[in-house]
Each structure stands twice: as C-alpha cells, then as structure tokens.
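Written below as structure tokens is the structure these notes are about.
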Amino acid sequence: EAGAPGSCPAPAGRPAAALAPAVPEIQSAYGEALAALGRPEEAGKAYQAALALRPRHADALIGLAGLLLREKKGEAAAQALARAKTADPASTKVRIALSALLGAQGRFPEAIKELEELPPQSWSPRYLLTLGSLYVRAGRFTDAISPLRPLVNRFPDLLIARYLLGYAALRAERIDEALAEFQEVVRRAPALAQGRYSLALAYLQAGRPQEA
C-alpha cells in the first residue's frame with residue numbers, strides 16, 4: 001500500500017488509529033470520523049490499520065480513495081476503488097464512489113454503467129440521486145427522470161433532486177412536468193434564484209411569457 005495520505009501533523013502521543021480496537025470496521029469508521037474532522041493524516045493511518053487487518057476491506061478502501069482524491073492523486077484513488085469493487089462488487093457504496101470518480105473525469109458512460117449494473121433492491125436514495133445526476137450531465141434527460149421521480153416522491157423536500165428532475169423534464173421537452181417541479185422548488189425555497197430563473201425559462205418554453 002502507498003503511505004497514508006494527508007499533510008496535517010500527527011498529534012503528540014499515540015497515533016489516533018492506535019486508540020481504536022483492532023477491528024477493521026471500527027478502524028474504518030474511525031478513519032471516516034477523523035476525515036470529517038479535517039485530520040487526513042490520522043484518517044489515512046486509521047484506514048491503513050483497517051487494511052492491515054483486512055486487505056480487502058471495501059469501506060476502508062473507499063475512505064482511502066477519498067483522501068487520495070483530496071491530494072489530487074486520481075490514479076491511486078482509482079486503484080483503491082478498483083480493489084474495493086473486487087472485494088465487494090455488489091456494494092452500492094463502492095459503485096457510487098467509483099461512478100463519482102469516473103463522472104469527475106468526464107467518463108459518463110462508464111460511470112453510468114457502474115450504477116446500472118446494480119439490482120433494484122440495492123437502489124438507495126443516494127444511488128438514485130447520483131444516477132439521475134449522471135444522466136443529466138451525460139445529456140440523457142429522459143433517462144434521468146426515471147431515478148429522480150421516485151426520489152422526489154419519497155423525499156419532497158430534497159430540492160436538489162426536484163431541481164434536477166425539473167431540469168431533465170425541461171430538456172426532454174416535458175414542459176408541464178418541468179413547470180410543476182420548478183413551481184414547487186420556488187414555493188419551498190423562494191429565495192433560490194436558480195429556481196426562479198428556471199421557472200421563468202420553463203414558462204417561456206411553454207409559450208407563456210406573461211407568467212415568466
């Protein structure tokens with residue numbers, strides 16, 4: 001394995017990873033907590049400790065990949081995620097992380113394929129949002145509606161999903177659906193300028209300029 005990523009100095013005394021029990025799941029969770037606290041060097045050591053206990057621990061590999069991405073080490077991050085996928089090919093979490101990396105590289109067909117291969121029983125809310133967003137970024141607007149619609153129905157206050165749904169509907173020329181979603185975005189978040197702008201654009205496309 002490569003050395004633990006990060007640039008923050010380690011605290012005096014015992015390393016943070018040494019404070020957690022020698023259980024890979026605990027070490028990995030500890031790494032996530034340290035990363036969230038902005039302590040990447042210690043987080044990297046915790047992930048490495050988890051991998052020393054179980055070299056194919058998928059969550060630790062995902063966490064390590066996230067730290068490597070922060071350091072702009074995309075190739076090393078991709079290698080870590082490839083190992084995670086080999087360790088747990090059916091993991092939604094692994095596939096989402098890998099698709100996010102591929103999407104950031106503009107490799108949308110590959111990113112989408114990673115998610116489309118998963119069975120419906122593994123479709124979490126985060127999965128639906130990630131897939132819908134990738135479809136939008138790839139210009140597959142009609143396809144984007146399929147994952148985003150049930151997500152918005154289940155979580156009506158998730159404005160990013162509702163906005164993406166409205167945008168996908170607008171670009172797919174399903175104007176009535178776009179209007180309904182953007183109207184709801186504006187109702188729920190009247191201060192959101194992007195929502196008001198998109199609603200006006202939908203009115204113009206619907207041939208209703210007086211309402212724009």
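The values are calculated or read from the model by the stated rules, or taken from the named source; none is laboratory data. Fair warning: this is a prediction, and the values are worked out from it, not measured in the lab. Note that we place each Cβ from the backbone using ideal geometry, even for glycine, and neighbour counts take in every protein chain shown. We work out accessible area using only protein heavy atoms, side chains counted, and drop any ligands, DNA or RNA first. Shrake-Rupley method; radii C 1.70, N 1.55, O 1.52, S 1.80 Å.
Here are a few things to note about the model shown:
- Accessible heavy-atom area order of K72, K85, K113, highest first, probe of 1.4 Å: K72, K113, K85
- Proximal charge balance of R137 [Cβ under 12 Å; K/R count +1, D/E count -1]: +2
- Among the listed options (1) 9, 28, 26, 21, 13, 4, 1; (2) 8, 28, 35, 23, 6, 1; (3) 8, 30, 24, 17, 11, 6, 3, 1, 0, the one matching P(r) over Cα pairs in 10 Å bins from 0, in percent as calculated from these coordinates is (1).
- Spin-label pair T142/A22, simplified geometry with 7 Å Cα→Cβ offset, distance in nm: 5.9
- The dipole here belongs to the range 35-110: it is taken about the Cα centre, uses +1 on the Cβ of Lys and Arg and -1 on the Cβ of Asp and Glu, and is about 80 debye.
- In this simple spin-label model, placing a label point 7 Å from the Cα along the Cα-to-Cβ direction at both A82 and Q194 gives a separation of 3.3 nm.
- Remark: the chain carries 51 Å² of accessible area per residue (probe radius 1.4 Å; ligands, DNA and RNA excluded).
- Partner lysines for K113 [C-alpha distance under 29 Å; skip if fewer than 8 residues away on the same chain]: K72, K73, K85, K93
- Three-way shape call for the range 151-191 based on the alpha-carbon gyration tensor, with the a/c threshold at 1.5: oblate
- The share of accessible area on the chain that comes from carbon and sulfur is 57 percent, using a 1.4 angstrom probe.
- Charge dipole (Cα centre; +1 on Lys/Arg Cβ, -1 on Asp/Glu Cβ; no other charges) of the chain amounts to roughly 140 debye.
- Calculated FRET value between I175 and E110, using beta carbons and R₀ = 30 Å, to 0.05: 0.40
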